[in-house]
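The values are calculated or read from the model by the stated rules, or taken from the named source; none is laboratory data. Treat the numbers as computed from the prediction; the structure is a model and nothing was measured. All Cβ positions, glycine included, derive from the backbone under ideal geometry; neighbour counts span all protein chains shown. Accessible surface areas use protein heavy atoms only, side chains included; no ligands, DNA or RNA. Shrake-Rupley method; radii C 1.70, N 1.55, O 1.52, S 1.80 Å.
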Amino acid sequence: MELTTFNQLPADEALAAIRHCVAIPHWQLSLVAARPFATTDALLTRADTLARQWQQPDLAAALSAHPRIGERARGADKEATLSRGEQSAMQQADHALQQAMQQGNQAYEARFGRVFLIRAKGRSGEEMLAALQRRLQNDDQAEQQEALDQLREITLLRLRETIQ
């Protein structure tokens, strides 16, 4: 969608246009309320500024819409479709790598009590597994910040792909 179209949409339609970017309603509402944007860079800058305010409850809300790395996202909505595409490297990985990721996911969830989140687009299965193994060594606070940073990257990537 072109930026001028996004700027001119009624609020409910603008919300619908960016809902797939992240399951954090107050971020969506704030971004829509900040329209119009003069440039796509201005939109992305505002989106990034809003995303840098996220805390643990926002992470929990967003994770409710994210499948585990290596699991196929279910559903036909735009977020599930994007997740399947973003995780294609893991879907195409060999059985040993998929098995290692599944075990890593279980260890991560046991350690941190949430799903492992990483910007999968542009990363190989091996890179994602290495990041998971490294992040298992983080303390709770460092890992929460890293997960929030990854969530922001995913969100901005999706927004950049949605509005030009």
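When ranked by the protection proxy of mean other Cβ atoms within 10 Å per residue, highest first, what sequence do the peptides 147-155, 128-136 form? Don't skip to the end; give the middle numbers.
On the way: 147-155: 20.3, 128-136: 17.2.
Ranked by mean Cβ neighbours within 10 Å, highest first: 147-155, 128-136.
Tell me, how many Å apart are the Cα centres for the stretch 1-66 and for the stretch 109-160?
Between the Cα centre of the stretch 1-66 and that of the stretch 109-160, the gap is 21 Å.
Summarise the accessible area of the chain (1.4 Å probe, protein heavy atoms) by the percent that is carbon and sulfur.
The value for the chain is 49 percent carbon and sulfur by accessible area.
Once you treat every alpha carbon in the chain as an equal point and sum by Debye, what is log10 I(q)/I(0) at q = 0.10, 0.12 Å⁻¹?
Each listed q corresponds, in turn, to -0.38, -0.54.
Relative contact order for the chain: what percent, with Cα pairs under 8 Å and sequence separation of 6 or more?
Over the chain, the number comes to 29 percent.
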